[in-house]
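Note sheet for the following structure.
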Amino acid sequence: MKTRPVMSSFPVSENVARMQSSATMAAMQAAQALRASGASVCDFGAGEPDFDTPENIKQAALRAMEAGRTKYTAAGGIREIQRAIIELYRRDFGTEYEPTEVMATAGGKQAVFNAAVTLLNPGDEALIPKPYWVTFPEVAVFAGAKPIFIETEETDFVLTVSQVERGITPRTKLLILNSPSNPSGRVLPPAEFHRIMELTAERGIYVISDECYLRFVYPPGEVFSAASLLAELRSRLCIAGSLSKTYAMTGWRVGYSLAPVEWTKAMLKVQGHSTSNANSIAQWAAVEALTGPQNSVATMLGEYTKRRAWLLNELKNIPGFKCAEPEGAFYAFPDVRGCLNKELKTSGEFSQRLLEEEQTVVTDGAGFGAEGFIRISYATSMEQIQEGVKRIKRFAEKYN
Ligand SMILES: Cc1ncc(COP(=O)(O)O)c(C=O)c1O
């Protein structure tokens, strides 16, 4: 038998070849490598809560295992999780979603992925405001579509309806919104959200609203979901939600989508042939998270609130830094261009040298489409934040 010669390199598909690796994962790996070498690292890279998953949620998972709830579930999830999501949105946002419009997914990331690949065709354009969560352009590229970026620096990264309007072409099929935003922490004011949804409804453009940081809005801001908009503004809307951040459940992999029936049917096909269903035990844990006591969420929020206030105040005193106030999520996204010079030309070099010279990890804004900025996650202890800020300040003073 004649066999084909061994490939010199793997013939990766064109769409995947065009995808970028995750900048946030790279920052995490850099921190891990440095820690393994014994260095005392201050890590502002993590995009996940530093809190443990609340005990009541863990106990629910244990009970699920003991009860033998360890088998495949329906692709869209167990009835109980669908009901819990519907009920939560009814209570908090006054909506009446049907089970045929809800799916449990393996994290919010899978909800975004399902929604994008079921909609986009080669040649379509997907509007993505800058700075963006790293995954958004990659799912569009994976589907063969073209990401079209919307510049928002003129409004300190708060998207406006006129910025969206400028990006629309006859090929625009999708707009991806993310408020509160990763990486900027900025929140889209509800009235502007409303105007943007009116525009997309008028132009027949679909919208994915990534509400992964839904609960992380700091006073005087208020929690807002696109679900609370009038039904006629939601006929082309898919909400991608997540339990990862709200309940400190990043490793459990549970999220959900809320979308019109036909869109959901298409997403069920994709999920049914990829992951089948979200982890059954994690789904039962999620039911407890969504329907059980919510005091752990309030406790975590209280802690983030304190850290945020302290951090924002300190960032003002770092030479060369400028930081618009993030109203949500757990990130600050300062402009560090005031620190750049012949020695430090880019925010990438800034981040790399900060790592080497001060063993402090931040994420370069370039990966989010915002060269000149860095993302500082305050999902880490107050002591770490205080020590890390001291180091960043020392570093910035050295290069100013
Ligand atoms: C904006 C945004 N959406 C979705 C996710 C994915 O979360 P999950 O763990 O639910 O997949 C993240 C995680 O960092 C995120 O920042």
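The values are calculated or read from the model by the stated rules, or taken from the named source; none is laboratory data. The shown structure was predicted, so the numbers you read here are calculated from the model rather than taken from an experiment. Here Cβ is always computed from backbone atoms with ideal geometry, including for glycine, and neighbour counts include all displayed protein chains. These area figures cover heavy atoms from the full protein model, side chains too; ligands, DNA and RNA do not enter into them. Shrake-Rupley method; radii C 1.70, N 1.55, O 1.52, S 1.80 Å.
State whether the residues of region 270-279 include one that is away from the ligand (no atom under 16 Å from the Cβ) and open to solvent by less than 30 Å² (accessible area, probe 1.4 Å). Looking for residues that are away from the ligand (no atom under 16 Å from the Cβ) and open to solvent by less than 30 Å² (accessible area, probe 1.4 Å), one finds none in region 270-279, hence no.
Being part of a helix (DSSP H, G or I), under 22 Å from Glu262 (Cβ atoms) and within 16 Å of the ligand (Cβ to nearest atom) is a description that does not apply to Ala126.
Of all the criteria given as (1) open to solvent by less than 40 Å² (accessible area, probe 1.4 Å); (2) over 26 Å from Pro334 (Cα atoms), the one not satisfied by Arg63 is (1).
May I ask you to say which residue of Lys71, Lys109 is open to solvent by 60 Å² or more (accessible area, probe 1.4 Å), touching a strand residue (DSSP E or B) at 6+ places or on another chain (Cβ under 9 Å) and either among the hydroxyl-bearing types (Ser, Thr, Tyr) or touching a residue at least 40 places away in the same chain (Cβ under 8 Å) (or both)?
Just one listed residue meets the conditions, Lys109.
Among the residues that make up region 288-307, is at least one of them open to solvent by 30 Å² or more (accessible area, probe 1.4 Å) and not in a helix (DSSP H, G or I)? Yes: one or more hits.
Mind checking which residues of region 21-55 are open to solvent by 70 Å² or more (accessible area, probe 1.4 Å), farther than 25 Å from Tyr213 by Cα and in contact (Cβ under 8 Å) with a residue 12 or more places away in the chain? The one that is open to solvent by 70 Å² or more (accessible area, probe 1.4 Å), farther than 25 Å from Tyr213 by Cα and in contact (Cβ under 8 Å) with a residue 12 or more places away in the chain: Ser40. Restricting attention to region 201-232, the residues being surrounded by 18 or more Cβ atoms within 10 Å (Cβ to Cβ) and outside any strand (DSSP E or B) number 14.
Only one of the numbered conditions (1) closer than 14 Å to Ala240 by Cβ; (2) within 14 Å of the ligand (Cβ to nearest atom); (3) in a helix (DSSP H, G or I) is violated by Thr264, and that is (2).
Restricting region 233-245 to residues that are open to solvent by less than 10 Å² (accessible area, probe 1.4 Å) and in a loop (DSSP other than H, G, I, E, B) leaves a set whose member that is nearest to the ligand (Cβ to nearest atom) is Ser244.
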